[in-house]
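The values are calculated or read from the model by the stated rules, or taken from the named source; none is laboratory data. Predicted model only: the values in this text are computed from it and were never measured. Using ideal geometry, Cβ is built from the backbone for each residue, glycine included, and neighbour counts are taken over all protein chains shown. Protein only, heavy atoms only, side chains kept; ligands, DNA and RNA dropped before computing areas. Shrake-Rupley method; radii C 1.70, N 1.55, O 1.52, S 1.80 Å.
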Amino acid sequence: MSSERDPTDRAAAEVSQAWAQTQSAQPPAAVDDAVLKFARAAQPGARQRRRWQAPLALAAVLVLGVGVMLQLWREPQVSAPLPAPTPAPAEVADAQRDAVSEAEARRRAESESQREDAAARKQIRREAVDRARAPARPPASPPPPAEEPMAAAVMPSSPAPTTSQYGFAPQARSAESVQPRIASSSDIPRSMVLAKRAAMDAWQAADFQELPLAVATREQVHARYGEPASTAADGADRYQQLPGLEAAAEFFYDERARLSRVRLLPEPAPTMSQWFERTVRFDEQPQIADSSWSCDGGSSTTQNVSVWVYPSRGVWFVVDAQQRVLEVNYAAHCD
Amino acid sequence: MLRYQRGELAAFELLYQRHRGGSYRYLLRGCGNPDVAAELFQDVWAGVVRSRQRYQVKARFATWLYKLAHNRLIDHYRSTRTGAAALDDEPELAAPEHLQPEAQAHTASVSRRLLQALSALPPEQREAFLMKEEGGLSLEQIAEVTGVGRETVKSRLRYAIGRLRGVLADVL
């Protein structure tokens, strides 16, 4: 590959970048409302439900009512017990086999689920013991429940707690201390595994500190946060720490130099409840996936973590077994 | 789009969120008037809603969308008998509040020059440029939308970029 760019390509890239940085016109909100309203009204399901709901309900009531009346009318005439019905042998055998196989399948599924949950609990207990025995690591607190208030959070280890937006003194967490000591992805209950397709369908582009993803440009990001500490080979800008957040940050851009993703690495790692206390609380429940989940095909660099996905917020969290936030990712798209 | 065909409104909302900005700017820069652009924009997206059952997975949704937008713009040109859109008003700028005044003035200047140069382009060159920049369409997709060959699109883009690059020579 030639090391020099074709002048035509260079000119195209320059014009493209200048265009992207200066063009931000959006349709008016009233137009957005009109388009979405039109789309909703055009839904055939909505129209048909409205059209057929009342007659269908009336028909159901009539059928039930007539059936009950017939039953009541017939019953007084029955004077002798009915003979026991003679089942067709083949049908009975088939029905019994089906019932047995269904019950067996249910028993197997339940016992497998119980085995998985037991294995998960055993793994968590084993890792808690390992952590307690490891002298170099800071003492770990037991896994807090999701709704644990900040007052019961990890106690500070330093004598003079410094200001922290998460309400506790920071404990140093070097890159080496982030060890894969979390429950493996196979321990996550099967019912919690997210189909990526569902997340992609429901994805809503995020705003990161009022910078709209897919719209904000590199220049606007630099104007907000200053020059980055470094720029990676893939064009991502890296900042050691963003003002107001105890987190390193990476800003990724698409081919049109628009902000496509923001990845935060909080330091120290807060719990999920602490993160929500200081940023914005999401009322909806997350969808949970294993560590291989990502919007852009990449997976978490830390193994044995779970991913909490909020498609309607355009964000996903990488979380360890103690619900500590290792990463926060805001994305414009989920492809 | 296929999911929207099956009745999932959320799928439409996702598509709309993804393509609303680019398609609006394509129409705005094509007709030069925000009020007209808003009207054309609603027509295009109403067309998406009405023709959803006819959509076939032969190409990207963006190609199909910009085909609708291109046709609507052509209709507008014919009805107003204007081929080159004149910018009657100052270019619409939405500079974020956190930009410094100097940077904002510079951005406004670059934007104004770009838009003036764009309006001076022949319509086919302007359209090719906007489909590439706002729609992210490839040469082949632009060719499909406009009904010409790939090399013709390449030439149009080369001329358009050359002219736009020329007006920004002192700032790039």
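Backbone N atoms of segment B:125-139 closer than 17 Å to the 7 Å Cα→Cβ label point of residue B:155 belong to residues B:125-129, B:139. Calculated FRET efficiency, residue B:71 to residue A:231, Cβ-Cβ distance, R0 = 35 Å: about 0.25 to the nearest 0.05.
Tell me the total accessible area that A and B bury against each other, 1.4 angstrom probe, in square angstrom rounded to 100.
About 4000 Å² of accessible surface is lost on pairing.
Using a probe of 1.4 Å on the protein chains alone, the accessible area found for residue A:252 is around 40 Å².
The modelled label-to-label distance for the pair residue A:285/residue B:58, using points 7 Å beyond Cα in the direction of Cβ, is 4.5 nm. In the structure shown, the pairs B:67/B:132; A:37/B:67; B:58/B:154 are assessed against 20 Å; a Cα-Cα span above that value is assigned to A:37/B:67; B:58/B:154.
Per-residue mean of foreign Cβ neighbours for A:31-39 is 6 (Cβ atoms of other chains, 10 Å radius). If each DSSP helix of 4+ residues adds -39,500 (n - 2.57) and the sum is divided by the residues in chain B, what number results at 222 nm, nearest 500 deg cm²/dmol? Result for chain B, helices only: -23000 deg cm²/dmol.
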